[in-house]
Amino acid sequence: MAMNAIGLEHEVRELLTRLGVQESRYTEGELVVRTPITGQVIAHVAKTSGPAAQLAIDAARQAFLVWRNIPAPRRGELVRALGEELRAEVEALGRLVTIETGKLLTEGCGEVQEMIDICGFAAGLSRQLTGLTIASERAHHRMMETWHPLGVVGVISAFNFPVAVWSWNAALALVCGNAVVWKPSEKAPLTALATQALFERAAAKVGGVPAGLCALLVGDAQLGELLVDSPQVSLVSATGSTTMGRAVGPRLAKRFARSILELGGNNAAIVCPSADLDLTLRGIAFSAMGTAGQRCTSLRRLIVHESIYDNMVTRLKRVYLSVGVGDPRESGTLVGPLIDARSFAAMQSALEEARAVGATVTGGERVGVDGAAEAFYVRPALVEIAEQAAVVKRETFAPILFVLKYREIEEAIALQNDVPQGLSSSIFTLNMREAERFVSASGSDCGIANVNIGTSGAEIGGAFGGEKETGGGRESGSDAWKQYMRRATNTINYGTDLPLAQGVSFDIAE
Ligand code: NAD
């Protein structure tokens, strides 16, 4: 066991050195970093003090004043260069993501790929920050919309996507002419340090980037609060639990700051009688068990038509009982560890609550892994439950899939929508009417509604986010960039008269 931990600590050092992080940044500090793979300590990182955080915000504001006047396509060059640095280090940063969060290597590298993808998107966007020209009701007048940089954008991120969430926000914010101050999860500061180092590499190569344009604050919720309350920060994009959003949202509203809230999900899939069951099974398995159920879009509720229920549940049980649980770096593993003891306790307590209301639980127990006595590996849990009880309506951030039965499609859609969260949803059907109904105005009420694919694994091209307690925010693709800019409506009079709108007359005598 000790060998394993020493091996990991050594590997972390090698990766951080390669990625350009100074040794003192991860060896001297009060923030203790553990890997969920073994539960062992792998680094000590210094927290950013309150005064240092304030200085970083001030510097970001000064950098913004310069950056906003640099043409957007040139700003795009910086983001393109960041994408190139990331591309060169996919394996190293991806491996570090795996060590810090416990996701599979393919998912760790996938997270970095997502960062590269959004950099490409944002670099292209830097030449497409277009506004409308609008017909004016007045002769010899023209109306238009112009989009301007906003200011300092604060990013608060969760442990489970420790770096991709920053890039979704930062890549767009930077091409839009803003400065960025990032407070990553206190559970994942190493990948943040590495990402910051890669950003600095890119900035040095491109040149002309004002100092302090992208800053990193290492610490816990208190530091996040400082960002939230700072009048210098124009927008805070906060990703994490609904509990965090409930604290952060009103504080931002109080000072009329903008917010993008990306909070908890409680995602469902409906399986209809016509579904391609082989494809459905694969879609369910990845969404429900992938990342050990620790994605905001993880599948947590399965709503199956009564005619195929027994078949589906029998097949799922076989998969749940045989799926490889273990070290996420090993090729046979599909389910890695939970992030920590708290997460394990929350999972066990949710399963107890389900049993207490008569549910049947398959799996869910702790799994021993050699050399990882302090880690928390679990067999994913499949829970057959008659009603959408309170435990089903909550997000438990662990691999628990509740299975419910339905008769009519209306009933299935009503069940899908009858939770406080509204992030992701899916329907598996070959019936065009059911599919279209699901994505229509009276279908799924979520920010993401898929047909014949699972609830997780979104691409960067679409706007990402959800409704209700998920917070209403949208980031990443489509026109999410508009939130990082302020819109000005300009009316230009190129005539010799001064007609007033709505035919109002106001003649003065001189
Ligand atoms: P968390 O809420 O514990 O922490 C998230 C971040 O918020 C951390 O950086 C934390 O320090 C900070 N924070 C917490 N309280 C704060 C406060 N009062 N003021 C300022 N900052 C504060 O979440 P977590 O355990 O790291 O992540 C898991 C949660 O995140 C799940 O609920 C998951 O669904 C959600 N999540 C949502 C999305 C999305 O896009 N909707 C993406 C990833 C994760």
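The values are calculated or read from the model by the stated rules, or taken from the named source; none is laboratory data. Keep in mind the model is a prediction, meaning the values are calculated, not measured. Ideal geometry is used to build each Cβ from the backbone, glycine not excepted, and the neighbour counts take in all protein chains shown. When the accessible area is computed, the model is the full protein with side chains, heavy atoms only, and any ligands, DNA or RNA have been set aside. Shrake-Rupley method; radii C 1.70, N 1.55, O 1.52, S 1.80 Å.
Val209 - would you say it is under 23 Å from Ile116 (Cβ atoms), aliphatic (A, V, I, L, M) and either part of a strand (DSSP E or B) or near the ligand (Cβ under 10 Å from one of its atoms) (or both)?
So Val209 does not fit the description; no.
Looking at Gly326, Gly336, Gly283, Gly293, which is the one that is within 16 Å of Ile453 (Cβ to Cβ) and in contact (Cβ under 8 Å) with a residue 40 or more places away in the chain?
Unique residue meeting the criteria: Gly283.
What are the pairs, 6+ residues apart or on separate chains, where a residue within region 54-69 that is more than 13 Å from Leu227 (Cβ to Cβ) has its Cβ under 9 Å from a residue that is open to solvent by less than 80 Å² (accessible area, probe 1.4 Å) and part of a helix (DSSP H, G or I)?
Trp67/Arg75; Trp67/Leu174
Mind checking which strands (runs of 3 or more DSSP E) fall wholly inside region 339-409 and carry at least 3 residues that are among the hydrophobic types (A, V, I, L, M, F, W, C)?
Where strands (runs of 3 or more DSSP E) fall fully within region 339-409 and carry at least 3 residues being among the hydrophobic types (A, V, I, L, M, F, W, C), they are 381-384, 400-406.
Yes/no matrix, rows are residues, columns are (1) under 29 Å from Arg255 (Cα atoms); (2) in contact with a Leu (Cβ under 9 Å, 6 or more places away or on another chain):
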position	(1), (2)
Ala170	yes, yes
Asn178	yes, yes
Pro184	yes, yes
Pro189	yes, yes
Phe199	no, yes
Ala202	no, yes
Gly207	no, no
Pro210	yes, yes
Leu223	yes, yes
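Given (1) in a helix (DSSP H, G or I); (2) without any contact (Cβ under 8 Å) to a residue 12 or more places away in the chain, identify the lone condition not met by Phe256.
Against the list (1) in a helix (DSSP H, G or I); (2) without any contact (Cβ under 8 Å) to a residue 12 or more places away in the chain, Phe256 comes up short only on (1).
Do we have Asp479 as farther than 30 Å from His141 by Cβ and at pLDDT 95 or above here?
No, not satisfied.
Any chance region 21-32 includes a residue that's within 25 Å of the chain's Cα centre (by Cα) and under 24 Å from Pro210 (Cα atoms)?
yes
Could you grab me the full set of residues in region 139-155 that are on the phi < 0 side of the Ramachandran plot and open to solvent by 60 Å² or more (accessible area, probe 1.4 Å)?
Passing the criteria: Ala139, Arg142, His148.
Residue by residue through region 459-473, note down the ones that are open to solvent by less than 50 Å² (accessible area, probe 1.4 Å) and either more than 9 Å from the ligand (Cβ to nearest atom) or hydroxyl-bearing (Ser, Thr, Tyr) (or both).
Ile460, Gly461, Gly462, Ala463, Thr470, Gly472
Ile303: more than 21 Å from Ile427 (Cα to Cα), open to solvent by less than 40 Å² (accessible area, probe 1.4 Å) and not in a helix (DSSP H, G or I), yes or no?
Criteria not met by Ile303.
Looking at region 445-457 only, could you name the residues that are surrounded by fewer than 21 Cβ atoms within 10 Å (Cβ to Cβ), within 14 Å of Asn267 (Cα to Cα) and in contact (Cβ under 8 Å) with a residue 40 or more places away in the chain?
Ile453, Gly457
For every residue, the table says whether it meets (1) in contact with a Ser or Thr (Cβ under 8 Å, 6 or more places away or on another chain); (2) within 21 Å of Glu100 (Cα to Cα).
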site	(1), (2)
Arg366	no, yes
Ala373	no, yes
Ala390	no, no
Phe397	yes, yes
Leu401	no, no
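Out of Leu281, Leu216, Leu252, I need the residue that is in contact with a Ser or Thr (Cβ under 9 Å, 6 or more places away or on another chain) and more than 28 Å from His44 (Cβ to Cβ). Which one? If you could, list the steps in order and put the result at the bottom.
Details: Leu281 fails: in contact with a Ser or Thr (Cβ under 9 Å, 6 or more places away or on another chain); Leu216 fails: more than 28 Å from His44 (Cβ to Cβ).
Going through Leu281, Leu216, Leu252 in turn, just one is in contact with a Ser or Thr (Cβ under 9 Å, 6 or more places away or on another chain) and more than 28 Å from His44 (Cβ to Cβ): Leu252.
Looking only at residues in region 239-254 that are of a type in the set (S, T, N, Q) and buried (at least 19 other Cβ atoms within 10 Å of the Cβ), which one is farthest from the ligand (Cβ to nearest atom)? If you could, list the steps in order and put the result at the bottom.
In the first step, residues of region 239-254 are kept if they are of a type in the set (S, T, N, Q); the result is 239, 241-243.
Add one more test, that the residue is buried (at least 19 other Cβ atoms within 10 Å of the Cβ), and what stays is 239, 242.
On the way: Thr239: 5, Thr242: 6 Å.
Here the answer is Thr242.
Out of Glu91, Glu14, I need the residue that is under 25 Å from the mean Cα position of the chain (by Cα), part of a helix (DSSP H, G or I), on the phi < 0 side of the Ramachandran plot and surrounded by fewer than 15 Cβ atoms within 10 Å (Cβ to Cβ). Which one? Write out each step before concluding.
Working: Glu14 fails: under 25 Å from the mean Cα position of the chain (by Cα).
None of the others qualify; the one that does is Glu91.
Among (1) without any contact (Cβ under 8 Å) to a residue 60 or more places away in the chain; (2) within 18 Å of Val90 (Cβ to Cβ), which single condition is Arg201 missing?
(1)
From Ser425, Ser442, Ser476, grab the single residue that is within 16 Å of the ligand (Cβ to nearest atom) and either open to solvent by 30 Å² or more (accessible area, probe 1.4 Å) or under 15 Å from the mean Cα position of the chain (by Cα) (or both).
Among Ser425, Ser442, Ser476, only Ser476 is within 16 Å of the ligand (Cβ to nearest atom) and either open to solvent by 30 Å² or more (accessible area, probe 1.4 Å) or under 15 Å from the mean Cα position of the chain (by Cα) (or both).
Could you list, in sequence order, all residues of region 96-106 that are crowded, with 21+ Cβ neighbours inside 10 Å and either closer than 26 Å to Arg75 by Cα or not hydrophobic (A, V, I, L, M, F, W, C) (or both)? Spell out the reasoning first.
Of region 96-106, the ones crowded, with 21+ Cβ neighbours inside 10 Å are 96-104.
If the condition is that a residue be crowded, with 21+ Cβ neighbours inside 10 Å and either closer than 26 Å to Arg75 by Cα or not hydrophobic (A, V, I, L, M, F, W, C) (or both), then Thr98, Glu100, Thr101, Gly102, Lys103 are the ones that fit.
Any residue in region 279-298 that is open to solvent by 10 Å² or more (accessible area, probe 1.4 Å), away from the ligand (no atom under 13 Å from the Cβ), touching a Phe, Trp or Tyr at 6+ places or on another chain (Cβ under 8 Å) and more than 18 Å from Gly364 (Cβ to Cβ)?
There is at least one residue in region 279-298 that is open to solvent by 10 Å² or more (accessible area, probe 1.4 Å), away from the ligand (no atom under 13 Å from the Cβ), touching a Phe, Trp or Tyr at 6+ places or on another chain (Cβ under 8 Å) and more than 18 Å from Gly364 (Cβ to Cβ).
Of everything in region 143-173 that's within 11 Å of the ligand (Cβ to nearest atom) and in a strand (DSSP E or B), which residue is farthest from Met485 (Cα to Cα)?
Among those that are within 11 Å of the ligand (Cβ to nearest atom) and in a strand (DSSP E or B), it is Ile156.
Any residue that is open to solvent by less than 10 Å² (accessible area, probe 1.4 Å), more than 22 Å from Gly110 (Cα to Cα) and more than 10 Å from the ligand (Cβ to nearest atom) - is there at least one of those in region 184-204?
Looking through region 184-204, none of the residues is open to solvent by less than 10 Å² (accessible area, probe 1.4 Å), more than 22 Å from Gly110 (Cα to Cα) and more than 10 Å from the ligand (Cβ to nearest atom).
Restricting region 215-237 to residues that are open to solvent by less than 10 Å² (accessible area, probe 1.4 Å) and not in a helix (DSSP H, G or I), which is farthest from the ligand (Cβ to nearest atom)?
Leu235
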